[in-house]
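Please read the structure below before turning to the comments.
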Amino acid sequence: MKRSPVDVYVCPLTHAPLQLRNDCELASPSGLVYTIKDDVPDFIAEGMLTESEAATQKEYQHVADQIYDVAVDWQFASFYENEDAVRESMVDLLRIDTLGGNPRVLEIGCGTGRDSFRIARRIRAGDFFVQDLSSNMVQKTQRRLEQDRQQLGLTCDVYYFVSSGSHLPFSDGYFDAVFHFGGFNNFANQKKSMVEIARIVRTGGRVVIGDESLPPWLEGTEFGEIVTTNNPLFRHKIPLDSLPSNAREVVVRWVIGGCFYLIDYTVGEGTPPLNLDLPHKGWRGGTMRTRYFGRLEGVTPEAKEMAIEAARRSGLSLHQWLDTVVRQAAKRGTE
C-alpha cells in the first residue's frame, strides 16, 4: 500500500518536513504551500524557475500530447537505432537488481514515459518516483503506466510529482538510484542539479544521466555539421565539469548514433580518500601534506642548489634537511 505523501516528501527549498492539509496541499513550516492535483504534488513555488526554465516548461507543456513522441520516433529512426535495445541498455546501468529487495528509484525528466515503464518493471517490490518540469508530461506518463500497469507487468508503487531538477523534495540519501535521459541541456544550473542529484542518493547508489552532445571526434566533420544544423542542442558539451566530487567509477559513453552522451557513476562519500602522510621515496622526500601545506617563499636558484647538495651530503632527503634547518633557524630567532 502506498504511503502518504507527507511521509515521503520534504520541502525542496528548505528540506523541512511537510504537513498534509485538506488532502490537496503540502505545507512547509516556512509558509510555502505546494498543491496536489490528481495525486500529483507540484513542488514549483512561485518565482523558483529561472527565465530559461520557465520557457522550457512552457515548451514541454505544449509538446507533451503528440509532438514529443513523434519527434523521438524520428530521432531514433534517423540514426537507424533500435529504441527498445538502446533504452533497455541505458536502464541496465542503474544495476537495479543489485540495489536490494525494495529499491527506491527516481526518474528525473520522465517525458512521456518511454524509459519510465522499463525502469518500473525492474523495481518489482520497491518504490519508483517519476518527475518532470511539465505537469502535462507527468500526467501522460501517469496514464501510460497506470492504465497499462498489468500489461506492462508493473508491481512496484509509483509516485508522480512536478518539480525543478535543481530543487528535489527529498531528504539526503533517500534513493538507491536516479535516472535522467534527455533534457539536461536545458537545465539552468547544471552544476547545482548534479550536486542535488548526488545529495538524494545514498552512498553506493547509482546515477545515470544523458543528453545530446556531438562527440569531439565528430566536430568539424560534415556529419557533425548536418546533425548540429538540424538540432543545435547537439552543440552542447558533455557536462563532466558539473559532476559532484563524490562521483566514483565514472563511465562516459556515447549512444544513439554516437551523438548522445551517457554518464553513469556510483555515489561515494566526499572526495576520494587520500593518504596525505604517506612518505615519498626519493631524494626530495616529504609527503603530499608537507608539499602542499608546507610551501614557503621561493629562494634563489643558487640557494636551492646549495640546499640540494647539503641534503645529499648529509644523507637526508631534501624535505628532512630543509625541515631541520628551518626549525633550527626559527628556534634560534626566538631565543
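If you scan region 276-335, which residues turn out to be in a loop (DSSP other than H, G, I, E, B) and in contact with a helix residue (DSSP H, G or I) (Cβ under 7 Å, 6 or more places away or on another chain)?
Here is the first cut: in region 276-335, the residues in a loop (DSSP other than H, G, I, E, B) are 276-287, 294-300, 315-317, 335.
Passing the criteria: 276, 277, 283, 284, 285, 286, 317.
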Close pairs from region 196-223: first on the phi > 0 side of the Ramachandran plot, partner assigned to a strand (DSSP E or B) and of a type in the set (S, T, N, Q), Cβ under 8 Å, at least 6 apart: 204/266
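Kindly evaluate residue 226 against the criterion of being among the aliphatic types (A, V, I, L, M) and over 30 Å from residue 106 (Cα atoms).
Values: among the aliphatic types (A, V, I, L, M): yes; over 30 Å from residue 106 (Cα atoms): yes.
Yes.
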Is it the case that region 179-187 has a residue that's within 17 Å of residue 43 (Cα to Cα), surrounded by 20 or more Cβ atoms within 10 Å (Cβ to Cβ) and under 21 Å from the mean Cα position of the chain (by Cα)? yes
Of everything in region 219-265 that's of a type in the set (Asp, Glu) and part of a strand (DSSP E or B), which residue is surrounded by the most Cβ atoms within 10 Å (Cβ to Cβ)? 264
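Only the coordinates and a few stated rules stand behind these numbers; no lab work does. Here the structure is a predicted model, which is why all the values come from computation and not from measurement. Glycine gets a Cβ as well: all are built from the backbone with ideal geometry, and neighbour counts include every protein chain shown.
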